[in-house]
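Read the structure below first, then the notes.
The values are calculated or read from the model by the stated rules, or taken from the named source; none is laboratory data. For clarity, every value in this text was computed on a predicted model and none was experimentally measured. Neighbour counts run over all protein chains shown; Cβ positions are idealised from the backbone, glycine included.
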Amino acid sequence: MGLALIAGMVWLTGTWFDLRAPVIEMQPEVKLLGPKQTFTLRLSDDNSGLSQVTVWLQQEGNRKEVLAQTFPGRRWGRGGQNRQAEIPLILEPKAWGFQEGPATLTAEVRDFSLMGWFRGNRAELVRSLTIDLTPLRLTFTSINEFLNQGGTGLVTYQVNKPMAKTGLVVNGVFFPGYPVKGEEPGRYLAFFAVPYDLPQPLTLELLALDLGGTEVRHRLFYRLKPKKWKNDILTIGDDFLQRKMAEFQEMNPQLKGVTDPLAVFLHINQEERMKNDRIIQEVCQSSQGEPLWQGPFLRLPNSKPMAGFADHRTYKYHGREVDKQVHLGQDLASLERAEVPAGNTGVVVFTGPLGIYGQSVIIDHGWGLFSLYSHLSEIKVEPNQKIHRGDILGRTGATGMAGGDHLHFAVMIHGHFVNPVEWWDPHWLKDQVYRQFANVGLPVPTTKAAPAAAPEAVKAPAKKKKRP
Ligand SMILES: [Zn+2]
């Protein structure tokens with residue numbers, strides 16, 4: 001009884017003479033303030049509760065009260081009724097007659113403590129802002145004459161302010177825009193992946209978010225060439241499974257006790273494949289801010305095209321359909337352990353085992369463009385190494401999900417697979433890429449045929465010849 005009384009007294013004085021000041025947070029944490037902007041003010045005071053809050057915007061002699069609010073009062077021994085509050089603030093500096101330039105936004109909060117000569121503990125948050133009343137302008141410049149399903153797209157545009165975030169949103173997937181260095185500031189370009197499995201409809205939206213938090217979106221129109229992908233049947237033999245069992249079980253320790261070879265195969269072909277693609281996406285998140293590549297990509301010399309991009313594969317085991325997957329690269333077969341040249345200039349960002357892809361190398365070519373070389377038997381480069389077009393990365397092999405010695409070559413835009421065939425094609429490069437470079441004031445490289453790699457042209461796939 002006596003103890004409870006003492007505990008009660010301590011608790012009472014705890015809220016009455018609370019020593020801790022309220023906590024103030026304001027989101028978003030921007031430095032620029034546009035013509036009209038919304039903030040969220042979060043207040044909390046765990047002990048005696050919130051009593052009042054005032055917020056004002058000030059620029060020299062001009063002071064505008066944005067918010068003045070009092071909270072319901074102290075209940076006997078229990079402090080105020082509100083321990084927390086979330087209040088939206090709408091700031092309209094333009095309507096309030098503020099000028100462009102520096103200003104301060106101040107929030108002052110008090111609690112129900114009897115401290116501070118009975119006026120409560122006080123907390124203050126002062127945010128220095130720059131008022132920027134120039135409207136954000138996003139101007140579309142160009143897009144490919146036509147987009148190929150599963151191919152690479154390029155868009156160029158211009159903005160009139162520094163950007164917090166900008167790029168192209170393709171059905172919810174964001175592809176960052178890169179600023180182009182030139183006489184005219186604010187010019188950007190963004191490469192993007194046109195999905196191989198076209199959603200209906202395909203929406204392309206330019207996005208610009210300035211430092212003040214103002215966002216502008218611009219819906220783009222485009223012409224699209226649909227593509228029919230090949231259907232392929234892959235028969236899984238027992239000899240293949242036996243040969244690969246140990247390697248597959250090595251990829252995932254959970255598979256070590258599994259005796260059914262088909263179960264091991266399916267796990268690798270499904271879960272492991274998804275895991276590998278997530279790693280590729282992570283590796284390809286950030287890219288060099290300048291183009292390191294030049295001209296068309298090199299193909300594996302003297303090689304025959306095998307499986308193609310977006311082949312829809314049905315896997316059969318003992319005549320029974322057991323799985324379906326889409327092949328997102330181009331398979332090229334040459335001699336066993338053939339030397340693999342880098343398709344273009346760039347920086348090595350990944351080397352080593354990569355599940356179904358086996359021993360692999362990933363190169364960043366800048367501006368979001370990456371290439372992948374898989375199933376290698378040997379790797380001769382290291383991460384962060386600068387690579388020139390044609391430098392030898394390693395040798396072909398059959399590591400990972402490969403039945404025989406070949407190279408799996410893939411091209412990605414920020415980790416999203418695109419048809420590599422376009423990047424081998426000087427005509428596509430000239431018409432769909434370089435033509436747009438001119439729009440943003442970039443020098444247009446002369447498209448020379450691949451130097452010293454003439455053999456690659458000998459066995460170019462029949463599909464390529466049909467191109468105009
Ligand atoms: Zn392949």
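For every residue, the table says whether it meets (1) touching a helix residue (DSSP H, G or I) at 6+ places or on another chain (Cβ under 9 Å); (2) farther than 19 Å from His375 by Cβ; (3) at pLDDT 95 or above.
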| site | (1), (2), (3) |
| --- | --- |
| Ala246 | no, no, no |
| Gln249 | yes, no, no |
| Gln254 | yes, yes, no |
| Thr259 | no, yes, no |
| Ile280 | yes, no, yes |
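For region 278-294, filtered to residues that are in a helix (DSSP H, G or I) and in contact (Cβ under 8 Å) with a residue 12 or more places away in the chain, the residue that is surrounded by the most Cβ atoms within 10 Å (Cβ to Cβ) is Ile280. Within region 405-416, the set of residues being within 11 Å of the ligand (Cβ to nearest atom) and either under 14 Å from Gly150 (Cα atoms) or out of contact with any Gly (no Cβ under 6 Å at 6 or more places or on another chain) (or both) comprises His406, Leu407, Ala410.
Exactly one residue out of Gln325, Gln330 is within 16 Å of the ligand (Cβ to nearest atom), in contact with a Pro (Cβ under 6 Å, 6 or more places away or on another chain) and in contact (Cβ under 8 Å) with a residue 24 or more places away in the chain, and it is Gln330. The single condition from (1) among the basic types (Lys, Arg); (2) over 26 Å from Phe409 (Cα atoms); (3) touching a strand residue (DSSP E or B) at 6+ places or on another chain (Cβ under 8 Å); (4) in the same structural domain as Trp367 (by TED's automatic domain parsing) that Arg299 fails is (2). Of all residues in region 165-187, those being in a strand (DSSP E or B) and out of contact with any Asp or Glu (no Cβ under 6 Å at 6 or more places or on another chain) number 12.
Which ones in region 415-428 are of a type outside the set (Gly, Ala, Ser) and within 23 Å of Phe174 (Cα to Cα)? First the steps, then the outcome.
Residues of region 415-428 of a type outside the set (Gly, Ala, Ser): 416-428.
His416, Phe417, Val418, Asn419, Pro420, Glu422, Trp423, listed by residue number.
Among the residues of region 30-62, the ones that are out of contact with any strand residue (DSSP E or B) (no Cβ under 8 Å at 6 or more places or on another chain), touching a residue at least 24 places away in the same chain (Cβ under 8 Å) and acidic (Asp, Glu) come to 1 in all. When residues in region 78-123 are screened for being among the hydroxyl-bearing types (Ser, Thr, Tyr) and at pLDDT 95 or above, 2 of them pass.
Hey, could you check region 335-385 for residues that are polar (S, T, N, Q) and either surrounded by fewer than 20 Cβ atoms within 10 Å (Cβ to Cβ) or not assigned by TED's automatic domain parsing to the domain that holds Gln249 (or both) and say which is nearest to the ligand (Cβ to nearest atom)?
Step one: list which residues in region 335-385 are polar (S, T, N, Q), which gives 344-345, 351, 359-360, 371, 374, 377, 384-385.
Retained after the next criterion (residues that are either surrounded by fewer than 20 Cβ atoms within 10 Å (Cβ to Cβ) or not assigned by TED's automatic domain parsing to the domain that holds Gln249 (or both)): 345, 377, 384-385.
Numbers: Thr345: 24, Ser377: 15, Asn384: 26, Gln385: 24 Å.
Here the residue is Ser377.
A single member of Leu189, Leu207, Leu266 is more than 26 Å from Lys165 (Cα to Cα) and surrounded by 15 or more Cβ atoms within 10 Å (Cβ to Cβ), and it is Leu266.
Check whether at least one residue in region 256-270 is in contact (Cβ under 8 Å) with a residue 24 or more places away in the chain, out of contact with any His (no Cβ under 6 Å at 6 or more places or on another chain) and of a type outside the set (A, V, I, L, M, F, W, C), and report yes or no.
From region 256-270, those in contact (Cβ under 8 Å) with a residue 24 or more places away in the chain are 262, 265-266, 268-270; that's our starting set.
Imposing the further condition that a residue be out of contact with any His (no Cβ under 6 Å at 6 or more places or on another chain) reduces the set to 262, 265-266, 268-270.
If we keep only those that are of a type outside the set (A, V, I, L, M, F, W, C) too, we end up with 269-270.
Checking region 256-270: at least one residue is in contact (Cβ under 8 Å) with a residue 24 or more places away in the chain, out of contact with any His (no Cβ under 6 Å at 6 or more places or on another chain) and of a type outside the set (A, V, I, L, M, F, W, C).
The residues of region 316-357 that are in contact with a strand residue (DSSP E or B) (Cβ under 8 Å, 6 or more places away or on another chain) and of a type in the set (Gly, Ala, Ser), listed by number, are Gly329, Ala333, Ser334, Ala338, Ala342, Gly343, Gly346, Gly352.
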